[in-house]
1. As a footprinting exposure proxy, order I550, I587, I75 by other Cβ within 10 Å, with the fewest listed first.
2. Work out, step by step, the length gained on full extension between R268 and E48: first 0.36 nm times the residue separation, then minus their alpha carbon distance; give nm to one decimal.
3. Just want the ordering: E581, E344, E224, from fewest to most Cβ atoms lying within 10 Å of their own Cβ.
4. Quick one: Karplus J couplings for the range 641-654, per residue in order, coefficients 6.51, -1.76, 1.60, θ = phi - 60°, nearest Hz, x for Gly and Pro?
5. Taking R0 as 25 Å, what's the FRET efficiency between A654 and D485 from their Cβ-Cβ distance, rounded to 0.05?
6. Going by how many other Cβ atoms sit within 10 Å of their own, how do D88, D165 line up, fewest first?
7. In the chain, if the dipole is taken from +1 on Lys/Arg beta carbons and -1 on Asp/Glu beta carbons about the Cα centre, which of F564, S551, V254 is farthest to the positive end?
8. Using modelled backbone amide H atoms (1.01 Å from N, in-plane), which distant-in-sequence or interchain residues come within less than 5 Å of H502's amide H?
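No lab work stands behind these numbers, since they all come straight from the coordinates. For clarity, every value in this text was computed on a predicted model and none was experimentally measured. Note that each Cβ is placed from the backbone with ideal geometry, even for glycine, and that neighbours are counted across all protein chains shown.
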Amino acid sequence: MSDKTTPVNNRQENDHERLELIINATGVGIWDWQIQTDELTFNERWAEIIGYRFDELDPIKFDTWASNLHPDDLIRANELITQHFNGDLEFYEVEARMKHKSGHYVWVQASGKLVEWDIDGNPKRMIGFHLDITDRKKAEERMILASQLLNESQRIGKLGGWELDIKTGDLFWTEETYRIHETTPDEFNPTVDAGVDYFLPESKIVIAKALDEAIKKGVGYDLELETYTTKGRKIDVRTTCTVSMEDGVPVRLVGIFQDITEQKNNQRKLEKSNRDLSVANSALKLSAHYDQLTGLPNRNLLSDRLEHAMAKCIRNKKYIAIAFIDLDGFKVVNDTQGHDAGDELLKKVATQLKHTLREGDTLSRFGGDEFVAVIDDLTSPSESNLVISRMLESLSSSIPVGDKLLKTSASIGVTFYPLDNASPDQLLRHADQAMYIAKQEGKNRSYIFDVERDVAVKHLNEELNRIAQALKNQEFVLFYQPKIDLRTSDVVGVEALIRWQHPEKGLLSPASFLPAVEHDILDIEIGKWVINTALKQLQTWQAAGHNIPISVNISPMHLQHSVFVNDLKKKLSNYPQFKAESLEFEILESSALKDIELVSKVMKECEKLGVRFSIDDFGTGYSSLTYLKRLPAKYLKIDQSFVRDMLFDKDDTAIIQGIIELAKIFDLKVIAEGVETPLHGELLLSLGSYLAQGYGIAKPMPENEFLAWLVKWEHAPYLVDGSK
């Protein structure tokens, strides 16, 4: 009997071992619940799932197991157990979180079934298993998150997807595709035909053809079309298609469906803006290059065409005539007939002038009633004469404007390039200058610019600029020429004479630069510098104990300037130690005659400030006795030309004698310039003139040399030949 039972027992033991191996290999935790005693037994894997060793948990109660469940999952687990006990569920199955020994939760799939009941039918025993599904749940969570992110991304990007099974005809839409069509899966069953029907007519033709090509030939597409949503709202969409093939036959279409309404609207706005901008640019370009009133090229285009014409004429060895045209009396038309009539006249003038020019010539409206003609490709300057004559003739007539005939004429200034080898802007200025001369000479005529005269003007401007720079750089100095009393040899004063210490040319006399500034504002600036320098010198000498009056030359322009006296007051206020009659102004006899009233007034106001006057170069002008009487001067300076020749010219001696007698009548003192020898001094004394200056006494000297000369003179005065 024992021989028969042993194999069975061995077989059972082997089966039990194999079952354990299988269970351990699958990683399943086994549990056995004695319901009525609440005892729960389990295998080692069950304990490992929640981080324990087998001996740490065996045995435990059901309540211990329940306390390890996540609170949110415990309610559901109890409900399912109850339903299983009641026979509502064949199996108990739940996915729940159990607390791990380390404190975190792991996901388990718990499955079980009642296997025993007591005699009263109450549940007695339940067995089951736990499977660790933590990794699976994490993967599911990641998939859910990825799906949510995908859906959110599709929502934000308004980018849906679709898939068509060609064999079955099933069409799948993603959530965003439904949203784009303003519908839901419950409201709309997507089909190819239904989807195509929503497209606008032109787009419907395109998408139908594209789908047909994809289904039959496997050709994908990427299209931008217009469609309606299920609510009737028109939208712009981008739809694409990628074809999957099997054995060379299309089986599946996959693509995207994107709402691009906003982008297309922005694109349309941008395109409209670009069109508007293009129109504006065209208008701007037109206004930038053409005159709005006459339609002629304006200054900008004229400059461009003139530059091209100049370059071409140099290459071809030809000439260009630049004619500056100005209507005579146009302001009168505007003032009497109104601006509308003036504008109409300008348009008709432009038309008439264009008809006088040759093909290839340019007529431009320069501004106002000014026009410029560029007469190109001339073999000689005289070839332009006929064109200029035609322009004058066309404008020296009556032009109908409204119901009136307006008489017109024009003045034209002309210059020729490259005879006038200037820049485009300078050529226009030269023609403009010539036009003004034509007006000055009687209007209704032309005048050709004088290039040689312009060169002289340019040279003068360059000279003036250099003189102004010299004044700024303090290159000017004062030299001093003594004045003496022939009777006593006393020094009674000095005349301050300007010199230019040129850095390249050396010391320059006044004759080399003062004529250039005679009619320029620089004349006044130099005069101010001389007065300032003389006042500083006076202060220096007075501080050193030398009370020597200084006389300076004042130009007519400076003397008659409106602020001359006020400027002098300000200057003298800077020298509180200034002594009356220590400063003297020498003015030319001719300058005093131009405005005797003004000059007399200025001289009187200066006398109140302690400044004396001399009339310089007396005898060379045309003074009347009345003028001489009205000028409050203290000295007459006899011009050196008379003094120098008096030794051998009786007429000069007579003139000097007359000036001396005239001075006595008007209570004026006489100073003789040009004293070069002792004989000059002796003769002057015999005639009754005892104040003198000249090379025979001393040449003009810089300040330091003058002081050295003064010491020698005071010790032993002498004339040039050494006589006392």
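1. On the way: I550 21, I587 24, I75 10.
Result, fewest neighbours first: I75, I550, I587.
2. On the way: separation 220, 0.36 × 220 = 79.20 nm, distance 6.64 nm.
Gain on stretching R268 to E48: 72.6 nm.
3. On the way: E581 12, E344 19, E224 15.
Final ranking by Cβ density, sparse to dense: E581, E224, E344.
4. Karplus values, whole Hz, x for Gly and Pro: 5, 6, 5, 4, 9, 5, 6, 10, 10, 5, 5, 5, 4, 5.
5. Values: r = 24 Å, r/R0 = 0.97.
The formula returns an efficiency of 0.55 here.
6. Numbers: D88 9, D165 13.
In order of increasing Cβ crowding within 10 Å: D88, D165.
7. Value: S551.
8. Distant-sequence amide H within range of H502: L507, L508.
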